[in-house]
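Enquirer: Let me begin by handing over the structure; questions about it come next.
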Amino acid sequence: MNTSSPIFSINQASCSYSGRLEDRVLYIEHLEIPRGEVVFLLGASGSGKSTLLETLGLMNQTLVKGEILFHGPADEEFPFSTLWDKGETNTGKLRRDHFSFIFQYTNLMDNFSAYENIALSRMIKEGVDMQEVIPGAAKLMDEVGLPLSQVDFEKEAVNLSGGQRQRVAFVRALNTRFSVLFGDEPTGNLDENNANELMRQVRLHLQPYQSAIIVSHDINLAIRHADRIIAITSNESERHGEVLPDHIFLRPQWENLQGESAAKFREKLSDFYRVKKQVTEEAKPEDKLLDKLKFEVEHSQFRRLFLKREGTALLGLKKINLLILTAILGLTLLAVGFANGSLAYLEEKLSSPFVNWLTLEIPAQRAGDFETIANRLKSPSLRTRYQIEDTRFYTMWNIRFWNHRTQKATMVRGRTIRFDKSSTEEPLVKEILSKKIAGSLEGLTDSSRMSLIVTEKFLTEFGYDPDSGFVLMEFKAANPDSLLLVPVYVRAIVKELPGKNDYLVSEEFSSARTQPDRRDCPSTFDIRDQHSLRFLLLDGTSEEVTLIRSTIDNILVQSPWDTLGVFTNTPYIHTNSFLSGYEIPLLLGRLDTNTYLKEMLVKTILSSPAIQPFSDRMRRSYEYSIQTGMDCIQPRRFNDGIAIQLASLDSIRGLAENIASDPVFNPNSESGLGGEKATIALDLGKVQEKENFLFLSRVTRLGAYLLILLGAAGVSLFVANLLKMHLEKIKMNIGTFKAFGLERQQAQAVYFEIILRFVGLGLLMSVAIALFLGYSFDLILSNDFSAESDRPSYFQPFGFNTLLTLGVLSLAILITSRNVIRNMLAQTPGDLIYNRE
Ligand code: ADP
Ligand code: MG
């Protein structure tokens, strides 16, 4: 190693902060700074001492003209005029390999321990773990008067006195590799004793190949410790600082001066430099005992150390920042959850048969136009223009059903449904069955199993047990000519049916029912059960059936049944029904003609104790006589209207207007002769209602998206500001780390990870809180309005919108935080340390 060559050679160097030569603040014609020396820079305030230090220390690119060469230990040369060309790639490496720093403001991380602060210089510069740094650091700490008994491994920097902090900063700078140690007024805040002691330590630890360049206010300190004093003077006319050849002094020039001449030399230096007496600090009694404290380093790597310390700092005092973040996130998620719930509710409403099916009633006078009107609705032009998905003819029905509560038959409103496809593919049926409570559609079109789809409301109002499986229909039989109550199977029970109907029948059912009163055509509804009695055991086993049969047999041998000649017949499996199981037929004997006694027997059997265990599954069973004679089949009855299914409600108003004005629907609409033919029109109230629905769902959707954006903006602004404020606070420290050679990417990654963890934690907490609150509110709300028990939950946190929210949120946070971190870390070490905008 060449220890005689200079470490810096400066030639005609102009330094300017604006990049323009005319703004230069420092000009140095020629200056060499030798290796292995302690060099003090003196000069009046503003003369450019810091500028020179920043320039030489590669903390800023101020060199606009001339050249500064850094000579590496192996004689390699680094010209500063081109070193910045690759940004901080070259300068960062050079600083990392060769430079170390101490500043007037210690630039320690308050929330890190003293030892963590010290370790950082080596962790950054040499990439070592903290464990490796500790022994050397402890030795140095001891030497500068901070033994472990005074500052242990746990002690946080914020709890150190000013003098202690400065000594920690010295240790941080000395305890790592360097060729040049830069100090900008490093003892500026210390008393004379401490300043001398620290400078003595610097000299003591300086290797022959290492130099120190120190800016100081203290002339005594310079005289005492410097090998060379360089005075920077202000060139008044040119308004910049400069170093003149006769303003460089070497130690031999003053070392042996005594009395008068020594004072004169001091006076000369004072001309360049105004001495300010610093506020002195009480020197603490120093404990020189090396404490044998055992230490354990938890976060030994740079990344882990920062994650722990800075991560905690970001959480805020009493975790207030985390709480605020959680609150904002939680509220956003809660709001989105409820918006989702409303959307799902509206969505369901929109897709239910009660919303996207419209009925167009055709008055009786217009029956002749039915086909024309139907064809018009099916025409491709109308279908595409108004998004008509499907059309179905229907017939209104009024059937008298037996009401158990009032004990008389009452008229009930219903309608037919026509099946073109298999029943389960039928869109209207499918939608109706989505509200199904019990039953299936199997066999709805089977004329031998004629049955109904009924509403739950109808069953309860009429006093039917939903499990009984049938309702009693009043029917005027042709043969014998009488009013009968015919049991009709209930195929399915649904929540509700469109158009305030209480039941739905197949067209086959309606044809059968309207069998004309022809003596030669026995009606389909002439049930055989008038002359038979059967019991059905749902899902029974043969053992159970045998048991039940013997029970019935036991009853039949008792009075009064024993006199009537009634017997059970062999049970058989009854399959093709909504109610399937074993059927036990009875041979009625003399009971056949006595309806009263027959009903008594039914009651006796069903209420007998031995039957009780099966009562849930026991039914009285009926069967129809099947009518197949062609001649007797009734021609299709006139339809009452057309049900129209719309793919979307967007064009509903247009369709209503079209129907009102189109002559196919209303031929007299043009002639203006109202009343000639009955008008055909969609119910405008219904149309309005559906439009309102559509509008509401759009507003809700828009609201949900606005909410998502607002939440994302709020959270990202909060996080970005928090980060910005924090980084602003530790700006000088970051600058110092950068001066030590911390790579931008490394720092960026750490802070990015801290933000991710912070936001992740907030997100987890907010999700938990939002779920808890959301479901609690939902529970409270559903207790208040229990009318709609099967409505979707008001709070639906899982869905596309939540994913979208989380996505938008994360993206917004990532982008804004990334910008903040980048902007801060992109600044030069000098700009950060000297706190410039
Ligand atoms: P000191 O000798 O007190 O350390 P400086 O080196 O800090 O002086 O400043 C030297 C001159 O450069 C001063 O006139 C100062 O105003 C100017 N200066 C320092 N930093 C900047 C900057 N970022 N932009 C412009 N001028 C600056
Ligand atoms: Mg300065």
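Enquirer: Obtain the nm distance between the two label points defined at ASN90 and SER161 by a simple spin-label model: each point lies 7 Å from its Cα along the Cα-to-C-beta direction.
Expert: 4.7
Enquirer: Quick one: if you stick a label point 7 Å off each Cα along the C-beta vector at GLU238 and ARG203, how many nm between them?
Expert: If labels sit at GLU238 and ARG203, their model points lie 3.4 nm apart.
Enquirer: Counting C-alpha atoms alone, how compact is region 1-96: give Rg to one decimal and Dmax as a whole number, in angstrom.
Expert: In Å, with Rg to one decimal and Dmax whole: 13.2, 40.
Enquirer: Another question, if that's okay. For ARG96, what is the net charge nearby, where nearby means another residue's Cβ is under 14 Å from its Cβ and Lys, Arg count +1, Asp, Glu -1? Please list the in-between numbers first.
Expert: Working: positive: LYS93, ARG95, ARG122, LYS125, ARG177, LYS738, ARG744; negative: GLU88, ASP97, GLU126, GLU743.
Net local charge, ARG96 excluded: +3.
Enquirer: Could you sort out which of LYS65/LYS724; LYS408/LYS603; LYS308/LYS724; LYS125/LYS319; LYS408/LYS457 sit more than 29 Å apart by Cα distance in this structure? Walk me through the intermediate numbers first.
Expert: Details: LYS65/LYS724 35 Å; LYS408/LYS603 20 Å; LYS308/LYS724 19 Å; LYS125/LYS319 33 Å; LYS408/LYS457 18 Å.
Correct reply: LYS65/LYS724; LYS125/LYS319.
Enquirer: Another question about this same structure. For GLU657 and SER608, calculate 0.36 nm times their separation in residues minus their Cα-Cα distance, and state this gained length in nm to one decimal. Please report the intermediate quantities before stating the final value.
Expert: On the way: separation 49, 0.36 × 49 = 17.64 nm, distance 6.48 nm.
Computed gain between GLU657 and SER608 is 11.2 nm.
Enquirer: Which Rg and Dmax, in Å, describe the Cα atoms of region 60-207?
Expert: 16.4, 52
Enquirer: Take the Cα gyration tensor of region 695-758, multiply each eigenvalue by 5, square-root it, and list the three semi-axes largest first, rounded to whole angstrom.
Expert: On the way: eigenvalues 305, 26, 10 Å².
Ellipsoid half-lengths, sorted descending, are 39, 11, 7 Å.
Enquirer: Using a Förster distance of 41 Å, how high is the FRET efficiency between VAL557 and ARG405, based on the Cβ-Cβ distance and rounded to 0.05?
Expert: Numbers: r = 37 Å, r/R0 = 0.90.
E(calc), rounded to 0.05, equals 0.65.
Enquirer: Right, next: Please give the contour-minus-distance gain from ASN193 to LYS319: 0.36 nm per residue of separation, less the Cα-Cα distance, rounded to one decimal in nm. Working shown, then result.
Expert: Numbers: separation 126, 0.36 × 126 = 45.36 nm, distance 4.19 nm.
Computed gain between ASN193 and LYS319 is 41.2 nm.
Enquirer: Ok, one more. With r defined as the distance between the Cβ atoms of GLN131 and GLU67 and R0 fixed at 51 Å, what FRET efficiency is calculated, to the nearest 0.05? Present the calculation step by step, with values, prior to reporting the outcome.
Expert: Values: r = 43 Å, r/R0 = 0.83.
After rounding, the FRET efficiency stands at 0.75.
Enquirer: Same structure again: With only alpha-carbon atoms counted, please give the Rg and Dmax of region 124-222, in Å.
Expert: Rg then Dmax for region 124-222, in Å: 13.6, 39.
Enquirer: Something else now. Tally Lys and Arg at +1 and Asp and Glu at -1 over the other residues with C-beta under 15 Å from the C-beta of THR326: what net charge comes out? Walk me through the numbers before you get to the answer.
Expert: Details: positive: LYS318, LYS319, ARG757; negative: none.
Once all neighbours under 15 Å are counted, the net charge is +3.
Enquirer: Next up: Could you tally the net charge around GLU238, taking each other residue with its Cβ under 14 Å from the Cβ of GLU238, Lys/Arg +1 and Asp/Glu -1? Could you put the intermediate results ahead of the total?
Expert: Numbers: positive: ARG24, LYS65, ARG239; negative: GLU22, ASP23, GLU29, GLU236, GLU242.
Around GLU238, the charge tally is -2.
Enquirer: Another question about this same structure. Dipole size in debye (nearest 20) for region 704-826 around its Cα centre, Lys and Arg Cβ +1, Asp and Glu Cβ -1? Intermediate values should be presented prior to the final figure.
Expert: Working: 9 positive and 7 negative charges, 181 e Å.
Magnitude of the dipole: close to 860 debye.
Enquirer: Sticking with this one: With a cut-off of 8 Å between alpha carbons and a minimum separation of six or more residues, what is the relative contact order of region 61-106 in percent? Walk me through the intermediate numbers first.
Expert: On the way: 27 pairs, mean separation 11.1, N = 46.
After rounding, I find 24 percent.
Enquirer: What does the highest-first list of 133-144, 115-126 look like by mean Cβ count within 10 Å? Before the final figure, lay out each step's value.
Expert: Working: 133-144: 19.3, 115-126: 24.7.
Top of the packing list down: 115-126, 133-144.
Enquirer: Kirkwood Rh, region 362-411, all Cα pairs: how many Å? Working shown, then result.
Expert: Values: mean 1/r = 0.0714 Å⁻¹.
Mean inverse Cα-Cα distance, inverted, gives 14.0 Å.
Enquirer: Additional query: Within region 1-81, report the trypsin sites (Lys or Arg not before Pro) that DSSP leaves as loop and that have at most 15 other Cβ atoms within 10 Å.
Expert: Working: sites: ARG20, ARG24, ARG35, LYS49, LYS65; in loops: ARG20, ARG24, ARG35.
Passing sites in region 1-81 are ARG20.
Enquirer: If packing is taken as the average number of other Cβ atoms within 10 Å across a peptide's residues, how do 258-267, 95-104, 451-460 rank, most packed first? Could the numbers behind the result be given before it?
Expert: Working: 258-267: 11.2, 95-104: 23.2, 451-460: 21.0.
Final packing ranking: 95-104, 451-460, 258-267.
Enquirer: Could you work out how much longer the chain between GLU543 and GLU255 gets when fully extended? Use 0.36 nm per residue separation minus the Cα distance between them, nm to one decimal. Provide the component values of the computation, followed by the final result.
Expert: Working: separation 288, 0.36 × 288 = 103.68 nm, distance 12.32 nm.
Once the chain is fully extended between GLU543 and GLU255, it gains 91.4 nm.
Enquirer: For region 102-132 and region 717-785, write down the distance between their C-alpha centroids in whole Å.
Expert: A separation of 25 Å, based on Cα centres.
Bear in mind that the values in this text are calculations on the coordinates, not laboratory data. Since this is a predicted model, take the numbers as computed values, not measurements. Reconstructed Cβ throughout: ideal geometry from the backbone, glycine too, with neighbour counts over all protein chains shown.
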